[in-house]
Amino acid sequence: MNEHALAFWTEVAGRGFRRAMMNLSQLCGEPINVESFGLRRVEMTELPETMGGADAEAVGIYITISGPAHGHIMLAYDPGMALGFAEMLLANPSGSTGRLGDMERSALGELGNIMASSFLNVLGESTGLRLLPSPPIVLSDMAGALSDIIAADVLLVQDHAFLAQTEFRVAERSMSGAFIVVPRQDLLEVLLQHRSAA
Amino acid sequence: MAAHGSSIIVGLGELRTSTLPDDVLVCVGLGSCVALCAYDAEVQVAGMAHMVLPASSEGRRVGLESKFVDLAIPQLLDEMERLGALRSRLRLKLTGGARMINGPADDDRQRIGERNVDAANAVLCALGLRVHGDDTGGNRGRTARLYVASGKVRISLIGGDSFEL
């Protein structure tokens, strides 16, 4: 990826993340602080580290990007954080939920849906393309096992990805999470080809 | 090979060997990936491959070729033979290959774990080898440890459950 292309992906991903955080803030009625935002080339072998380390227990909300190009979105939380987000979205008292049941999984899926749709809408506005999110899948396991889902697809065609990642914090609560976008190479190429189409 | 005894992480698409008794070869957080653990007790040569995809014919052969089951297994066996192992003495154990996402049974992407296991068994069979123990499939992640001193393979799951394979 050349410097020009990297600048475009950085700019559009940054706007996508900001839109997603704004909509998350509206959803939960609390201000959200973006703690960090980064875009970097990672070898796919390093992907589990972006989710807390291969052996760390994690809750992932996984969404695929389809349409004229493809990619993956994963929101990753440690299990305690995932319960906290579910409680917040369901308006349950903090610390009242012991495990991820169907209601909690549904709430987290909705969280992923809103954030992924917000992000992809910005990409669409910047390119005129219609990129579609899949229904969210909420998974709980080792981060390494969750990252296999993405790696098994991306490694078919490339050994690295220009991964966009943000870490955010709900201001009034001690809750944070990671929002990771892993585009397949074709997604970046298509975005670049259509960047002035919108 | 490590210079002294340690845990040697075998990352996505990698393979590692060791002859140091204090070493432990580890595949952490296997989901749909499969790990082949191979051990020759006679010479205490251990090897482990962490494979992501079933066949090199399905993808581009860029970067780590050992991400493909059909390329990784022969590479691992060759490397172990260079260290003095004999194929006929190898104890082989296979783990991983979970289905992390439930979906249509005919969706090849969602069957990737099952396909990895099938590919590993087919490659080993073609080489005239057989698996002596396996723990594959299901829908949970696993961590596999191969102890060079003993050849024992221990599988760990989320929540602290573990067992010897």
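Only the coordinates and a few stated rules stand behind these numbers; no lab work does. The structure displayed is predicted, hence computed values, not measured ones. Reconstructed Cβ throughout: ideal geometry from the backbone, glycine too, with neighbour counts over all protein chains shown.
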**Prompt:** Relative contact order, percent, of chain B when contacts are C-alpha pairs under 8 Å separated by at least 6 residues?
**Reply:** 27
**Request:** Determine the shape class of region A:1-48: with a ≥ b ≥ c the square roots of the Cα gyration tensor eigenvalues, call it rounded for a/c under 1.5, and otherwise prolate if a/b is greater than b/c, oblate otherwise.
**Result:** oblate
**Item:** Length-normalised contact order of chain A in % [C-alpha pairs under 8 Å, at least 6 apart]
**Value:** 35
**Prompt:** A:Asp55's amide H: which non-local residues (gap 5+, or another chain) put their own amide H closer than 5 Å, with H modeled 1.01 Å from N in plane and none for Pro or chain starts?
**Reply:** A:Gly144
**Asked** Which of rounded, prolate, oblate describes region A:40-154, given a ≥ b ≥ c as roots of the alpha-carbon gyration tensor eigenvalues and a/c under 1.5 marking rounded, otherwise prolate only if a/b is larger than b/c?
**Response** oblate
**Asked** Label points 7 Å out from Cα along the Cβ direction at B:His132 and B:Asp118: separation in nm?
**Response** 2.8
**Prompt:** If you take the charge dipole of region B:55-160 about its Cα centre, with +1 on Lys and Arg Cβ and -1 on Asp and Glu Cβ, which of B:Val123, B:Thr143, B:Leu77 is farthest toward its positive end?
**Reply:** B:Thr143
**Request:** For A:His72, list long-range residues whose amide hydrogen, built 1.01 Å from N in the peptide plane, is under 5 Å from its own amide hydrogen.
**Result:** A:Ile65, A:Val182, A:Arg184
**Message:** With the cut-off at 1.5 for a/c, could you classify chain A from its C-alpha gyration tensor as rounded, prolate or oblate?
**Reply:** prolate
**Asked** Modelled label-to-label distance, B:Cys125 and B:Ala149, 7 Å Cα→beta-carbon offset: nm?
**Response** 3.8
**Request:** Using θ = phi - 60° and the Karplus relation 6.51 cos²θ - 1.76 cosθ + 1.60, list the HN-Hα couplings for region A:13-26 in order, rounded to whole Hz, with x at every Gly or Pro.
**Result:** 5, x, 5, x, 5, 4, 4, 4, 5, 4, 6, 5, 4, 5
**Complete:** Among trypsin sites (Lys or Arg not before Pro) in region A:103-192, those in a DSSP loop whose Cβ has at most 14 other Cβ atoms within 10 Å are A:Arg130
**Asked** Want the number for A:Val157 to A:Glu49: 0.36 nm per residue separation, take away the alpha-carbon distance, what's left?
**Response** 36.8 nm
**Request:** State the extension gain, in nm to one decimal, for the chain segment bounded by A:Glu189 and A:Arg41, taking 0.36 nm per residue of separation less the distance between their alpha-carbons.
**Result:** 51.7 nm
**Message:** Quick one: 3J(HN,Hα) in Hz for region A:56-67, Karplus 6.51/-1.76/1.60 with θ = phi - 60°, rounded, Gly and Pro as x.
**Reply:** 6, 6, 9, 10, x, 10, 10, 9, 9, 9, 10, x
**Asked** How large is the charge dipole for the protein assembly as shown, taken about the Cα centre, if only the Cβ atoms of Lys, Arg (+1) and Asp, Glu (-1) carry charge, to the nearest 20 debye?
**Response** 200
**Asked** If you put +1 on each Lys and Arg Cβ and -1 on each Asp and Glu Cβ, how big is the dipole of region B:11-104 around its Cα centre, in Debye rounded to 20?
**Response** 280
**Prompt:** Given a cut-off of under 8 Å on Cα pairs at least six residues apart, what relative contact order in percent is computed for region A:81-198?
**Reply:** 24
**Extension gain (nm, one decimal) between A:Ser134 and A:His4, 0.36 nm per residue minus Cα-Cα** = 43.8 nm
**Message:** Counting only helical runs of four or more DSSP H residues, what would the 222 nm mean residue ellipticity of chain A come to if each run contributes -39,500 (n - 2.57) and the total is spread over all its residues?
**Reply:** -14500 deg cm²/dmol
**Request:** Evaluate E = 1/(1 + (r/R0)^6) for A:Arg99 and B:Asn139, where r is the Cβ-Cβ distance and R0 equals 22 Å; express this FRET efficiency to the nearest 0.05.
**Result:** 0.80
**Request:** Could you check the simple spin-label distance between B:Glu65 and B:Arg87, using points 7 Å along Cα→Cβ, in nm with one decimal?
**Result:** 1.7
**Prompt:** Going highest first, how would you order B:72-83, B:42-53, B:153-164 by mean Cβ packing within 10 Å?
**Reply:** B:42-53, B:72-83, B:153-164
**Request:** Give me the net charge of A:Thr166's neighbourhood, meaning all other residues with Cβ under 11 Å from the Cβ of A:Thr166; Lys, Arg count +1, Asp, Glu -1.
**Result:** 0
